[in-house]
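Only one structure is covered here, and it is reproduced in the block below.
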Amino acid sequence: MAKPAPDATVFLSRAPTPRIRAGNHAALLSVLHDHRFVDGAQVPDGRGQLQVHPRRGAHGSWSGQRLEWRAADELWRRRKVGAVGYLGTHPAVAAFEVRSSSSPDILRDRAPELILRGHGLRAAADCVLIILPDAKAAEVFDRIDLGAPYVNGSCDVWWLYRDPT
């Protein structure tokens, strides 16, 4: 499988669920190093096409920046975070991975807890990325209805899925 270009860009938008180009066995840190994440919104361009425009939110200072990704230290590991993206010394983005589940039912039962964990981590970082193993897992997360405050992208908590293509 070809490795993504070091400047591969992931536009974080609510629909469709963002994907990240990475194989199932690629290490989280190397996947994050190879991508740039842009907090964006999709809006119609007047011709029926959707264009992604960066959003300027309260926490958008990390958006599009080249983050220095580091493995989680002991404090972050206690929070079950796998990698942290820093802007200088500021922990701008925290990321954790969800492993493949043996059944969609198990993932459906765990998804609310994982989404809420992501929102809890927002107290320590400007953005949280929940990296899902595949598109099927993303569909399960997209169907979870915890209310408007907990949809994908709300409060800069995003779930993305690995796409090997």
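Quick notes on this structure:
- Amide H contacts under 5 Å for E97, placed H, 5+ residues apart: G82, I131
- Region 66-165 - Rg over Rh from alpha carbon coordinates, Kirkwood radius: 0.97
- Projecting label points 7 angstrom from Cα along Cα→Cβ for A123 and T9 puts them 3.5 nm apart.
- Computed FRET value (nearest 0.05) for S30 with S61, which takes r as the C-beta separation and R₀ as 35 Å: 0.90
- Phi-derived couplings, Karplus 6.51 cos²θ - 1.76 cosθ + 1.60 at θ = phi - 60°, listed residue by residue for region 9-17: 10, 10, 8, 7, 9, 5, 9, x, 4 Hz, with x used for Gly and Pro.
- Applying the Kirkwood pairwise sum to the alpha-carbon positions of region 58-124 produces a hydrodynamic radius of 13.3 angstrom.
- 5 angstrom amide H check on V10, placed H, neighbours 5+ away: R36, F37, V38
- Phi angles of region 143-159 translate, via the Karplus equation with coefficients 6.51, -1.76, 1.60 and θ = phi - 60°, into HN-Hα couplings of 7, 5, 10, 9, x, 3, x, 10, 7, 4, x, 5, 6, 6, 10, 10, 10 Hz per residue; Gly and Pro are given as x.
We did not get these values from a lab; they are worked out from the coordinates using the rules stated. The structure presented is a predicted model; accordingly, all values stated were derived computationally and were not measured. So basically every Cβ, Gly included, is an ideal-geometry build from the backbone, and we count neighbours across all protein chains shown.
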